[in-house]
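The values are calculated or read from the model by the stated rules, or taken from the named source; none is laboratory data. None of the values given here were measured: they were computed from a predicted structure. All Cβ positions, glycine included, derive from the backbone under ideal geometry; neighbour counts span all protein chains shown.
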Amino acid sequence: MSAAEFAEWTEHFVEEAEQRRRIGDPDWTTGAALPDEVWRSLQRFQVGEDGDGANLIGKADRAGDADYAEAVRLFVAEEQNHARLLALLLAAGGQPTIDTCWSDRVFVRLRRLLGLRMELLTLMVAELVAVRYYRAVRDGADDPLVAEVAARILADEERHIPFHCRRLRASVAELPARPLRSLTMTGWRAMMLGASVFVAADHGPALGRLGVGRGRFVTDVMASTGPIVKDVLDPTRPLDVPPVDHARPATRPTAAAAGV
C-alpha cells in the first residue's frame with residue numbers, strides 16, 4: 001500500500017460527513033408505515049448498526065498506520081449514523097428500538113475471535129448482507145421515508161466495500177503462500193453462505209413482504225462474493241476511492257440533522 005492510500009480514504013470520509021451535514025436529515029414528521037414483519041426486521045438491523053467500534057479501532061491502531069486508524073474511526077461514525085437514522089425511522093413509525101438480539105451478540109463475538117484480518121473478513125460478510133438487505137428495503141418498501149433512509153444507508157454500505165477490500169488485500173497478502181490465501185477466501189465464502197442463509201431464514205417474513213424470496217436473497221448475496229475474492233487476491237485490480245456525489249438531491253433539513 002502506498003503511504004497516501006488511506007489518507008485519501010480519510011479525506012473521502014470527511015467529505016461525506018460534510019455532505020451529510022449539508023443535506024440534513026429526512027423529514028421525520030411525515031411518519032412511516034410498514035408491515036409488522038418489516039418493522040421487527042429493522043429493529044434487529046438497528047441493533048447491528050449500533051456500537052462504539054472500540055474493538056475494530058483498537059486493532060486498527062495496532063496495525064501501525066495512522067491514516068488507516070483515522071479512516072476506521074470515520075467508518076465507525078458512519079455506522080453509528082446508520083443506527084441513529086434507523087432509530088429515528090422507527091420512532092417515526094411509532095416503533096421502539098430494542099436493546100439487543102442474540103444474532104448480533106454471536107456476530108460480535110465472532111469478529112473478536114482473532115486479529116484484524118478476521119475482523120475485516122467478518123465485517124465484509126456484514127457489508128454484503130447489508131447491501132442486499134437495504135436494497136430490498138429501498139425497492140420494496142411502499143413508503144417514501146423508509147425508502148429514503150434505506151437509500152442513504154445503502155449508498156454508504158456500497159462505499160465501505162472497497163475500503164475494507166483495500167485493507168483486507170494487504171492483510172491477506174501477508175499470508176506466506178498463495179494456496180493459503182486462496183483457502184482463506186474460500187473459507188470466507190463458506191462463512192458468507194452460512195450468514196446469508198441465516199439472515200434469509202431469520203428475516204424471511206420481512207424479505208417476503210419486500211418482494212424478495214429467501215432463495216433469491218442468498219443467491220444475490222453469493223453472486224456478489226466473486227468480485228470481492230478477485231479484488232482481495234489480485235493486487236492489480238483497481239480499488240479507487242469512490243467520488244462524493246455532490247449532485248445528491250437535498251432533503252429538507254431538520255433540527256435533528258447530524259453529520260456522523
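Couple of notes before you dig in:
- Within segment 15-56, considering residues that are of a type in the set (Gly, Ala, Ser) and within 14 Å of the chain's Cα centre (by Cα), the one surrounded by the most Cβ atoms within 10 Å (Cβ to Cβ): 48
- Matching option when the condition is out of contact with any strand residue (DSSP E or B) (no Cβ under 6 Å at 6 or more places or on another chain), part of a loop (DSSP other than H, G, I, E, B) and modelled with pLDDT under 95, among 121, 110, 114, 168: 114
- Close contacts from segment 173-196, counting a first residue that is surrounded by 14 or more Cβ atoms within 10 Å (Cβ to Cβ) and modelled with pLDDT of 95 or more and a second that is among the basic types (Lys, Arg) and in a loop (DSSP other than H, G, I, E, B), with Cβ to Cβ under 9 Å and a gap of 6+ residues or different chains, come to none at all.
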